[in-house]
Amino acid sequence: MLILSVLAFFAAIFLLAAITVAVAWMGFVKQTAEAEAAQEDDGSTLFRDERLSSLNFWDSLLARFDFIEILKVRMAQAELEWSVGRVTALMLLCGTIAGFLLLRILPVWAAFAGAIGVAFLPYGYILRAREKRFRAFREAFPDVLDSMARALRAGYALPAAVDMVAADAPEPISTELKKASAEANLGMGWDRALENLARRIPVLEVNIFISAVVLHSRTGGKLGEVLSGVAENMREAISLQGEVRALAAHGKLTGAILTALPVAIALMMMFFSPGYMQTLYYHPLGKTLIAGAIACLVLAQVVIRKIVDIKL
């Protein structure tokens with residue numbers, strides 16, 4: 001038994017070292033390829049490398065999966081300059097390390113489920129950065145619409161008003177409006193450029209703005225007054241959302257405390273009375289009970305988050 005444990009330990013160390021070396025090598029190859037491309041490029045940024053990874057075998061493997069395109073879109077919406085190959089390799093590395101660590105305290109099925117959950121942590125970070133960027137866009141968008149409405153009332157055309165507002169708007173609105181203006185000026189047309197804007201920023205406020213612009217282009221009218229009214233309605237909706245988030249913060253804090261409390265008690269008991277906890281650990285059903293307790297805590301946290309997450 002001791003020999004098998006030693007062999008398993010060295011096998012795990014070897015596998016982790018191999019994965020670490022592979023990730024480091026992928027990063028080196030990626031950096032080298034980017035440096036060579038920068039030397040060969042004439043300074044134009046119209047063409048971008050759409051490869052998923054700098055490694056040919058990894059690029060061809062990732063291209064076979066449909067969810068890779070979803071991951072690529074989420075990363076673009078979060079404005080993260082990461083490659084899909086690096087993110088997937090990091091997910092595999094996190095899942096492998098977590099799996100080997102959890103095997104020591106949990107049964108195989110629970111360790112496998114925990115490894116899958118840990119592997120998706122980088123994806124969770126991408127979703128969180130994406131949501132944070134969208135929230136910043138929504139909060140600053142009404143002021144941008146007011147500035148655009150004043151420019152339209154002053155006699156500017158819509159393209160000129162967008163360019164003028166984009167120069168002074170905060171991020172990420174400035175970047176997105178500049179992209180839309182560049183696409184329209186390069187011959188794509190404003191209808192197509194606005195569709196791409198809605199695809200990059202899929203929030204309700206952007207869709208309302210685009211609907212107002214499209215409707216104005218078809219029926220005419222005073223677009224400046226329409227945008228002023230839309231901006232005022234957006235401010236009221238954002239204020240209501242802030243009040244709802246403030247009320248829901250109590251529920252989220254309660255859920256976090258109730259989730260962390262059993263873990264804190266278990267750690268205190270391991271410190272003050274380790275023999276009491278070792279009885280649970282070495283019992284034939286001990287690991288299964290620990291895995292069930294962890295699963296219940298995670299499920300409870302998810303349920304509480306769903307309850308307090310009010311969509312307006």
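The values are calculated or read from the model by the stated rules, or taken from the named source; none is laboratory data. Note that the coordinates shown come from a computational prediction; the quantities given were computed from them, not determined experimentally. Don't worry about glycine lacking a Cβ; one is built from the backbone with ideal geometry, like all the others, and counts go over all protein chains shown.
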- Query: Which of the following residues is of a type in the set (Phe, Trp, Tyr), assigned to a helix (DSSP H, G or I) and either modelled with pLDDT of 85 or more or in the same structural domain as residue 179 (by TED's automatic domain parsing) (or both): 209, 271?
  - Reply: 209
- Message: Given the options 111, 161, 166, name the one that is touching a residue at least 12 places away in the same chain (Cβ under 8 Å), farther than 23 Å from residue 226 by Cα and surrounded by 15 or more Cβ atoms within 10 Å (Cβ to Cβ).
- Response: 111
- Message: Restricting to the range 114-131, give me the number of residues that are surrounded by fewer than 16 Cβ atoms within 10 Å (Cβ to Cβ), under 30 Å from residue 206 (Cβ atoms) and in contact (Cβ under 8 Å) with a residue 12 or more places away in the chain.
- Response: 3
- Query: Looking at (1) within 30 Å of residue 154 (Cβ to Cβ); (2) surrounded by 13 or more Cβ atoms within 10 Å (Cβ to Cβ), can you tell me which one residue 300 breaks?
  - Reply: (1)
- Quick check, is residue 256 under 30 Å from residue 138 (Cβ atoms), touching a residue at least 60 places away in the same chain (Cβ under 8 Å) and surrounded by 13 or more Cβ atoms within 10 Å (Cβ to Cβ)? no
- Task: Give 111, 119 a once-over and let me know the one that is within 30 Å of residue 283 (Cβ to Cβ) and either assigned by TED's automatic domain parsing to the domain that holds residue 286 or under 22 Å from the mean Cα position of the chain (by Cα) (or both).
- Result: 119
- Task: Output the residue which, of all residues in the range 81-108 that are over 22 Å from the mean Cα position of the chain (by Cα) and outside any helix (DSSP H, G or I), is surrounded by the fewest Cβ atoms within 10 Å (Cβ to Cβ).
- Result: 104
- Please verify whether the range 140-147 includes one or more residues that are surrounded by 13 or more Cβ atoms within 10 Å (Cβ to Cβ), at pLDDT below 85 and farther than 28 Å from residue 75 by Cα. no
- In the range 163-193, how many are part of a helix (DSSP H, G or I) and either more than 23 Å from the chain's Cα centre (by Cα) or in the same structural domain as residue 75 (by TED's automatic domain parsing) (or both)? 18
- For the range 214-248, what are the residues that are of a type in the set (A, V, I, L, M, F, W, C) and free of Cβ contacts under 8 Å to residues at least 12 places away in the same chain? 215, 246, 247
- Note on the structure: residue 214 vs (1) part of a helix (DSSP H, G or I); (2) more than 28 Å from the chain's Cα centre (by Cα); (3) not assigned by TED's automatic domain parsing to the domain that holds residue 153: all pass except (3)
- Task: Name every residue in the range 217-254 that is on the phi < 0 side of the Ramachandran plot and part of a loop (DSSP other than H, G, I, E, B), in order of residue number.
- Result: 222
- When both residues are 6+ apart or on different chains and their Cβ atoms are under 8 Å apart, which pairs have a first residue that lies in the range 139-155 and is in the same structural domain as residue 203 (by TED's automatic domain parsing), and a second that is hydroxyl-bearing (Ser, Thr, Tyr) and assigned to a helix (DSSP H, G or I)? 145/228; 146/228; 149/228
